[in-house]
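Below is one structure; the comments refer to it alone.
Taken together, the values in this text are just the output of simple stated rules run on the coordinates, not laboratory data. The structure presented is a predicted model; accordingly, all values stated were derived computationally and were not measured. Here the Cβ positions follow ideal geometry from the backbone for every residue, glycine too, while neighbour counts run over all protein chains shown.
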Amino acid sequence: MLRQATLALVVLPLISLAVHAELAVSAQDGKQVLVDGVPTVPDSPVADYVAIFDLGSNPPKLMAEVPAPTSVVGPPQSVAVAPDESFALVTSANAIDPADPKKVTLNDKLTVIDLQSSPPQATATLTAGKGAAGVSINRAGKLALVANRSEGTVSVFTIDGKTLTPAGKIELGDDKSGPSHVVFSPDGKTALVSRDGDSKISVLSVDGGKVTYAKRDLSAGVRPYSIEMSASGEVAVVGNAGTGSGDADDLIAYIAETAQLMQQQVVERLVDRGDVGDLQLAHATLSPTLGIAQSRPAAMERSGCAITSRRARV
């Protein structure tokens, strides 16, 4: 999947929205462009970087451009901001192949960016898993999870202040299962992992810094790709990429959680047969009241972006 390179196209519909957002953190991939619809390494690629914007200014002000490995591969939630806005995490699913500069190869990097330093700067680059993609931080700011699309795992990192420490991996499936994004429940005791390779939503159990596969999988549609959870934890929204044919399997699914039981119900079809060709649904966000679900086709996506606020989060 590709993410939008220009911030203007991703700030509202392709991010985890927050009320009165103050910061926007956007991953910019300089090593791949679309040529006739085909991802291509340009003749003179520019270095990847992370752009940080102050949304409290009018117009929004570019605060910093921080060199860091990023990637167009993966969901828009490949950027996460700590609840206290002290740091951001950015993943990189691929990199230029050292053996052939006209090709890309798998990458496994997770970069920590200090948002409180002046200017913001990268303070650490850690190893996650092959095809590191969606990343989330729990509300306590003590744990981060990274979905590794190309090895069927989720990497676990404990957090102390702004320091991340690897704490193991969770095996979900083979390297074709495609874990794309992982999202915490508000109480931090559960996490859901979208798997677009084998069309599953895996349930993880979280106990402090210990994360385990609950051996429970849900079905939300064909190729579940991105996933977000409401502030109450009662509803998760899954963007299903479908087959890319424009048929009825391109849709959003709501997963409603009541006590220990998760029930699934498709509530809205976002792509009408025959109208959109091969566009694929790749991301959905929730409004603060759960009244609106927004989406954008994957063909319009090129970079990850996260918005954060000190007042309220969705």
- Note on the structure: Surpassing 29 Å at the alpha-carbon level, of the pairs 109/215; 130/210; 31/142; 31/215; 142/215; 109/176, are 31/142; 31/215
- Query: Using the per-residue mean of other Cβ atoms lying within 10 Å as a proxy for protection, in what order, highest first, do the peptides 75-84, 51-60, 183-192 fall?
  - Reply: 75-84, 183-192, 51-60
- Determine the distance separating the Cα centre of region 92-162 from the Cα centre of region 167-228; give it in Å without decimals. 17
- Query: Amide H of residue 93: which non-local residues (sequence gap of 5 or more, or other chain) have their own amide H closer than 5 Å, using H built in the peptide plane?
  - Reply: 71, 73
- Item | Label-to-label distance, nm, for residues given as residue 215 and residue 33 (7 Å Cα→Cβ offset) | 5.2
- Rounded to the nearest 0.05, what FRET efficiency is calculated for residue 105 and residue 65 with R0 set to 22 Å and r the Cβ-Cβ distance? 0.35
- In this model, which of 103/200; 103/162; 102/189 are farther than 32 Å apart at the alpha-carbon? 103/162; 102/189
